[in-house]
1. Of the residues in segment 67-125, how many are away from ligand 2 (no atom under 16 Å from the Cβ) and aliphatic (A, V, I, L, M)?
2. Determine which member of the set Val18, Val10 is farther than 26 Å from Ala158 by Cβ and free of Cβ contacts under 8 Å to residues at least 40 places away in the same chain.
3. Within segment 1-35, track down each residue that is within 16 Å of ligand 2 (Cβ to nearest atom) and either in contact with a His (Cβ under 9 Å, 6 or more places away or on another chain) or not β-branched (Val, Ile, Thr) (or both).
4. Being under 16 Å from Leu23 (Cα atoms), in contact (Cβ under 8 Å) with a residue 40 or more places away in the chain and in contact with a helix residue (DSSP H, G or I) (Cβ under 6 Å, 6 or more places away or on another chain) narrows it down to one residue among Ala64, Ala107; which is it?
5. Would you check if there is a residue in segment 36-48 being part of a strand (DSSP E or B), within 14 Å of ligand 2 (Cβ to nearest atom) and not charged (D, E, K, R)?
6. Filtering segment 19-51 down to residues that are on the phi < 0 side of the Ramachandran plot and of a type in the set (S, T, N, Q), which residue is surrounded by the most Cβ atoms within 10 Å (Cβ to Cβ)?
7. Take Arg141 and decide whether it is more than 16 Å from ligand 2 (Cβ to nearest atom), modelled with pLDDT of 95 or more, outside the structural domain of Leu49 (by TED's automatic domain parsing) and surrounded by 22 or more Cβ atoms within 10 Å (Cβ to Cβ).
8. Looking at the structure I just gave you, is Leu24 more than 20 Å from Gly144 (Cα to Cα), outside any strand (DSSP E or B) and not aromatic (Phe, Trp, Tyr)?
Amino acid sequence: MAIRVNGTEVDPPEDARVSLLDLLRERLQLTGTKVGCNQGACGACTVLLDGNRVLSCLTLAVQADGREVTTIEGLADGDGLHPLQAAFIEHDGFQCGYCTPGQICAASAMLREVTEGVPSYVTADLAEEHITLSREEIRERMSGNLCRCGAHNGIIDAILQVATEKAA
Ligand code: FES
Ligand code: FES
């Protein structure tokens, strides 16, 4: 089997203890994915596994065998920025930028979760088919991604803009 990383097949590590985060950063030099806490608390290492957000520091690389991994390097469409990347720039959704790859990967999966009707802790009506993405919803759904620079207001503005454009 092989792991598809941003469309390219790579061999899984022989050592089953290697995390997906270490495979990406240390072996494939995809350093866009960041190491924060390395224990599942900050979200800096978030990537997409078959389109779902996962914490790569808590995911073994062998768990991605036969599956598709997308990192921040693979999110853009060719040379064009992903709409979330452009919106983060427009709304000052970052300062140092360290949390940004994880924020953007998480947000891209989160927007799909919303369109699929996945409720959050603050969704009032669990049977609601079309969830309105309020600031409160975004705060809750992005609460696993911390920003030590405190850029959360810009992050929410950026995500809200992309969600509004998608809904238009
Ligand atoms: S580095 Fe993975 S959650 Fe912090
Ligand atoms: S922009 Fe610095 S940690 Fe978020």
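The values are calculated or read from the model by the stated rules, or taken from the named source; none is laboratory data. No experiment lies behind these values; they were computed from the predicted model shown. Here Cβ is always computed from backbone atoms with ideal geometry, including for glycine, and neighbour counts include all displayed protein chains.
1. The number of residues fulfilling the criteria is 12.
2. After ruling out the rest, the residue left standing is Val10.
3. Gly32, Lys34
4. Unique residue meeting the criteria: Ala64.
5. So in segment 36-48, the residues part of a strand (DSSP E or B) come out as 46-48.
Among the residues that remain, those that are also within 14 Å of ligand 2 (Cβ to nearest atom) are: 46.
Among the residues that remain, those that are also not charged (D, E, K, R) are: 46.
Yes: segment 36-48 contains one or more residues that are part of a strand (DSSP E or B), within 14 Å of ligand 2 (Cβ to nearest atom) and not charged (D, E, K, R).
6. Start the filter on segment 19-51 by keeping residues that are on the phi < 0 side of the Ramachandran plot, which leaves 19-28, 30-37, 39, 41-42, 44-49.
Applying the additional criterion that residues be of a type in the set (S, T, N, Q) yields 19, 31, 33, 39, 46.
Numbers: Ser19: 22, Thr31: 14, Thr33: 24, Gln39: 9, Thr46: 29.
Only one residue tops the list, namely Thr46.
7. On the way: more than 16 Å from ligand 2 (Cβ to nearest atom): yes; modelled with pLDDT of 95 or more: yes; outside the structural domain of Leu49 (by TED's automatic domain parsing): yes; surrounded by 22 or more Cβ atoms within 10 Å (Cβ to Cβ): yes.
Against the criterion (more than 16 Å from ligand 2 (Cβ to nearest atom), modelled with pLDDT of 95 or more, outside the structural domain of Leu49 (by TED's automatic domain parsing) and surrounded by 22 or more Cβ atoms within 10 Å (Cβ to Cβ)), Arg141 qualifies.
8. Numbers: more than 20 Å from Gly144 (Cα to Cα): yes; outside any strand (DSSP E or B): yes; not aromatic (Phe, Trp, Tyr): yes.
Yes: the conditions hold for Leu24.
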